[in-house]
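Below is one structure, written out as structure tokens; comments come after it.
Each value in this text was obtained by applying a stated rule to the coordinates, not by laboratory testing. Small disclaimer: the values here were computed from a predicted structure and weren't measured. Don't worry about glycine lacking a Cβ; one is built from the backbone with ideal geometry, like all the others, and counts go over all protein chains shown.
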Amino acid sequence: MTITRQQKEKTVRDLSEKFSRSKSIVFLGFQGLTVKEDTDLRNKLREENIDFKVARKTLIRRSLKEVNIEGVDDIKLDGPIGAAIGYDDEIAPARIANEFAKTNNKLILSGGYISNKYLDATEIKALALLPGKDQLRAQLVGTIKAPVSGFVNVLSGNLRGLVNVVKAISDDKKE
């Protein structure tokens, strides 16, 4: 299907706007996905505030250049490519795509950008294995909380012992 110059310019503007707001972009090869599989993938991405846009590779490259993302000429994109664009969590697009690719071998992680730095497919897959922001925050809070909780337990143990001694003395005096 041929598209007009105006449609191409609009696509480049839309992609450039999305790329400029994004925290991460993951390129996905999706050749062979059925409509149902594509819909499932898009729904999973949408739940995490991630856009999935399909466009010609030349338009994707032009959009990346417009927002001054480095190394655009070096990226290798083969076959039909879609871009999963994450706005909140840098790791979420890679994590969701990797989980989906485990159950569907037609989806291929082709690379991506995080903080305007290009990562190849193996780096994106390694990144996908990291826990999400919320999980990392919970682990950090737990790590910070552990010594404080231990200290409180030690102090309350001493206080509990003192109360038991005072109670025993008072019980002895009553007898």
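Values for this structure:
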| quantity | calculated |
| --- | --- |
| Relative contact order for region 5-130, counting Cα pairs under 8 Å that sit 6 or more residues apart, in percent | 37 |
| Choice from Glu66, Glu47, Glu37 showing the highest fluctuation, given a GNM over the chain with Cα pairs closer than 10 Å | Glu47 |
| Nearest 10 degrees, 0 to 90: helix 57-66 Cα axis against the chain principal axis | 60 |
| Theoretical gain in end-to-end length, Arg46 to Ser20 [0.36 nm per residue, Cα-Cα removed] | 7.5 nm |
| Out-of-range pairs (alpha-carbon distance over 20 Å; input Lys102/Lys125; Lys23/Lys102; Lys57/Lys117; Lys10/Lys76; Lys23/Lys133; Lys10/Lys36) | Lys23/Lys102; Lys10/Lys76; Lys10/Lys36 |
| Within region 132-175: Cβ-based charge dipole about Cα centre, in debye rounded to nearest 20 (Lys, Arg +1; Asp, Glu -1) | 200 |
| Coil-residue chymotrypsin sites (Phe, Trp or Tyr not before Pro) of region 86-121, DSSP, other Cβ within 10 Å capped at 16 | Tyr87 |
| Cα pair count fraction exceeding 27 Å, expressed as % - the chain | 42 |
| Loop-resident sites, region 101-145, for trypsin sites (Lys or Arg not before Pro), counting at most 14 other Cβ within 10 Å (DSSP) | Lys106 |
| Sequence-distant residues sharing a close amide H with Ile81 (under 5 Å, placed H) | Ala55 |
| Top of Ala128, Ala92, Ala146 by mean-square fluctuation, Gaussian network on the chain, Cα under 10 Å | Ala146 |
